[in-house]
Every structure is written in C-alpha cells, then in structure tokens.
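A.B. asks: Structure provided below as structure tokens; questions to follow.
Any read-out appearing in this document is the output of simple, stated calculations on the displayed coordinates, not a laboratory observation. Quick caveat: nothing in here was measured; it's all calculated off a predicted structure. Glycine also receives a Cβ, built like all others from the backbone with ideal geometry; neighbour counts cover every protein chain displayed.
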Amino acid sequence: MVMGSYDPNDISEKHGPEVVFATWPSGEELEYTIRFENTGNGPAETVRLENTLPTNVDALSFTPIDASHRYQLQQNGNQITVVFNNIDLPPSQENTNIGHGYFKYKVSPTAGFQVGTVIENRAEIYFDFNPAIVTPVWTTTFVEQLSVDETQPIVQFYTNPVTDVFELTLTNPETKIDAQVYDLLGKKVSSTQSVNGKLHIQAHAWPSGIYILKLSTPTGTLNYKLVKR
C-alpha cells in the first residue's frame with residue numbers, strides 16, 4: 001500500500017509506483033493517465049497538456065489510447081502536446097464527472113531496464129490563459145519485491161495490488177473506520193465500514209488501474225493509492 005494525497009490534476013501509471021521486475025511481461029508497456037479537473041469558478045474553453053516523456057522510455061513507442069474529449073495531438077521527439085479546443089469544461093462538482101477530463105497513452109521502457117530502474121513522469125496542465133498546473137511527479141520503480149508501508153500504525157494492508165477482493169486489517173479491532181474508493185475521475189466506486197477491525201471490498205468489477213482509497217478514522221482522514229490488476 002502506498003500512501004498519497006488526492007490531487008485532482010495528476011499523472012499516474014496503471015502498474016503502480018512499485019513494479020516487481022521479475023513479473024514484468026516481455027513487451028509490456030507503461031500506461032499513463034493525465035487527469036485534469038476544472039477547479040475554477042467558470043468554464044474553461046481550452047485545456048492544454050504538456051508532457052515531456054522520461055528519458056528512459058522509447059518516445060517512438062508513444063501511442064495514444066483514450067481521452068475524455070476530442071483533442072489534437074502533437075509530438076516533437078519526447079515532447080507531447082495535447083490540446084482540447086472548445087472543450088467548455090465547466091467547474092467541477094463533487095462526486096461527479098462534471099468538470100473532469102483525462103488523456104491516456106502507452107509507451108515502452110527503453111531496453112536494458114532492470115531492478116533499481118526509476119522512471120519519473122509529470123505533466124503541465126493549462127486552463128485557457130492561466131499559469132500551468134504542474135502535476136506531482138509519478139515515480140515507477142522496478143524492484144525485487146514490494147515494500148511494506150509501516151508509516152500508518154492504525155492499519156495493516158494485505159492486498160495491494162488488488163485482484164478480486166481488497167482486505168484491510170486494523171491494528172485495533174475495536175477501531176471503527178469508513179472507507180470510500182474513487183477512480184481517477186473522482187467517481188465513487190465503493191463505500192463500506194469496518195466490521196470487527198476488518199474491511200472487505202469487492203473489486204472484481206473494477207477496471208484495471210489506479211484508485212484512491214479514502215479512510216475516515218477516529219484520528220483523521222487517510223488517502224491511499226490502490227492498484228487494481
């Protein structure tokens with residue numbers, strides 16, 4: 001389990017921040033999603049994404065996959081520009097897809113990557129003539145084995161990445177928490193409460209990708225990134 005803050009304008013990669021090198025299939029590609037949200041007070045007529053591909057991916061393998069709106073794409077070497085003209089993106093509304101958008105693409109790591117290889121990626125998002133919103137850097141690290149997060153003693157996590165069921169065990173069985181899971185467009189896909197210090201979340205119907213797990217605990221709110229495979 002990797003802890004991270006919830007940011008409405010970000011970039012993520014579907015395999016998660018840590019990838020076990022030995023499980024990476026030959027020919028597998030990185031799949032990035034640049035997510036944007038209009039947090040302003042009025043509609044945005046144009047949204048522009050600028051993304052400089054990392055130096056340790058093959059720019060020639062860049063392939064767009066999907067987008068929330070019609071767009072124009074320009075590639076100059078490792079510089080990617082995506083423009084959503086006349087998008088008229090309204091201000092976002094909580095727990096809806098209104099005011100949200102995304103662009104997805106895939107790209108291959110360069111030959112010779114190995115355990116210890118780190119691939120960092122970020123994007124700049126422009127709404128009309130406003131200054132750029134620079135996303136947090138998404139880091140993909142190829143590792144021998146997944147690390148265990150011990151920074152939050154209130155919970156212990158057993159399943160991440162997630163396949164069919166996500167299970168969580170609390171350090172104190174008497175602790176009560178509420179849990180919500182959101183996809184990267186901000187849509188709530190699950191909501192539940194702990195029972196006897198445990199959470200069981202059915203995830204078999206979720207598409208593969210990154211999700212945000214929001215835990216409301218007696219001491220505050222915690223946000224985590226879940227990887228669904």
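A.B. asks: Quick one: putting +1 on the C-beta of Lys and Arg, -1 on the C-beta of Asp and Glu, what dipole do you get for region 155-228 around its Cα centre, in Debye to the nearest 20?
C.D. replies: On the way: 7 positive and 5 negative charges, 36 e Å.
Dipole about the Cα centre, nearest 20: 180 debye.
A.B. asks: For Val189, Val181, what's the fewest-to-most ordering of other Cβ within 10 Å of each Cβ?
C.D. replies: Working: Val189 16, Val181 22.
Starting with the residue having the fewest Cβ neighbours, the order is Val189, Val181.
A.B. asks: Given a Förster distance of 25 angstrom, what is the FRET efficiency for Thr110 paired with Val20, based on the Cβ-Cβ distance and rounded to 0.05?
C.D. replies: Numbers: r = 19 Å, r/R0 = 0.77.
Calculated transfer efficiency: 0.85.
A.B. asks: Once the Cβ-Cβ distance between Ser61 and Thr169 is put in as r, and R0 is 41 Å, what FRET efficiency do you end up with, to the nearest 0.05?
C.D. replies: It comes to 0.50.
A.B. asks: Hey, another quick one. Could you put Val20, Val107, Val195 in order, starting from the residue whose Cβ has the fewest other Cβ atoms within 10 Å?
C.D. replies: Values: Val20 15, Val107 23, Val195 10.
Least crowded to most crowded, the residues run Val195, Val20, Val107.
A.B. asks: Going by how many other Cβ atoms sit within 10 Å of their own, how do Leu170, Leu222 line up, fewest first?
C.D. replies: Details: Leu170 19, Leu222 16.
With the fewest neighbours first, Leu170, Leu222 line up as Leu222, Leu170.
A.B. asks: Another one. If you place +1 on the Cβ of every Lys and Arg, -1 on the Cβ of every Asp and Glu, and leave all else neutral, what size is the dipole of the chain about its Cα centre, to the nearest 20 Debye? Don't skip to the end; give the middle numbers.
C.D. replies: Numbers: 15 positive and 25 negative charges, 74 e Å.
Once rounded to the nearest 20, the dipole reads 360 debye.
A.B. asks: What are the ³J(HN,Hα) couplings of region 54-62, residue after residue, when phi is run through the Karplus curve with 6.51, -1.76, 1.60 and θ = phi - 60°? Round to Hz, x for glycine and proline.
C.D. replies: Here the 3J(HN,Hα) series is x, 5, 9, 10, 8, 4, 5, 8, 4 Hz.
A.B. asks: Along the positive direction of the dipole of region 2-143 (beta-carbon charges: Lys, Arg +1; Asp, Glu -1; about the Cα centre), which of Asn121, Thr110, Thr55 reaches farthest?
C.D. replies: With unit charges placed on the Cβ atoms, the residue in question is Thr110.
A.B. asks: Can you give the extra length, in nm with one decimal, that the chain gains between Leu185 and Asp128 once fully stretched, where that is 0.36 nm per residue apart less the Cα-Cα distance?
C.D. replies: Working: separation 57, 0.36 × 57 = 20.52 nm, distance 2.06 nm.
Separation in residues times 0.36 nm, less the Cα-Cα distance, equals 18.5 nm.
A.B. asks: Determine the gain in length on full extension of the stretch Thr141-Thr46; use 0.36 nm per residue of separation and subtract their C-alpha separation, reporting nm with one decimal.
C.D. replies: Numbers: separation 95, 0.36 × 95 = 34.20 nm, distance 3.38 nm.
Once the chain is fully extended between Thr141 and Thr46, it gains 30.8 nm.
A.B. asks: Which of Thr140, Thr96, Thr159 moves the most in a Gaussian network model of the chain with Cα springs under 10 Å?
C.D. replies: Most flexible of the set in this elastic network: Thr96.
A.B. asks: Report the calculated FRET efficiency for Val83 and Thr117 (r = Cβ-Cβ distance, R0 = 35 Å), to the nearest 0.05. Don't skip to the answer; put the middle values down first.
C.D. replies: Values: r = 32 Å, r/R0 = 0.91.
Here the calculated transfer efficiency is 0.65.
A.B. asks: Right, another one. What does the charge dipole of region 1-117 about its Cα centre add up to, to the nearest 20 debye, if the Cβ of each Lys and Arg holds +1 and the Cβ of each Asp and Glu holds -1?
C.D. replies: Numbers: 6 positive and 14 negative charges, 40 e Å.
Dipole of region 1-117, to the nearest 20 debye: 200 debye.
A.B. asks: In terms of the ratio Rg/(2.2 N^0.38 Å) built on C-alpha atoms, what value belongs to region 155-228? Before the final figure, lay out each step's value.
C.D. replies: Numbers: Rg = 11.5 Å, N = 74, 2.2 N^0.38 = 11.3 Å.
With N residues counted in region 155-228, Rg over 2.2 N^0.38 Å equals 1.02.
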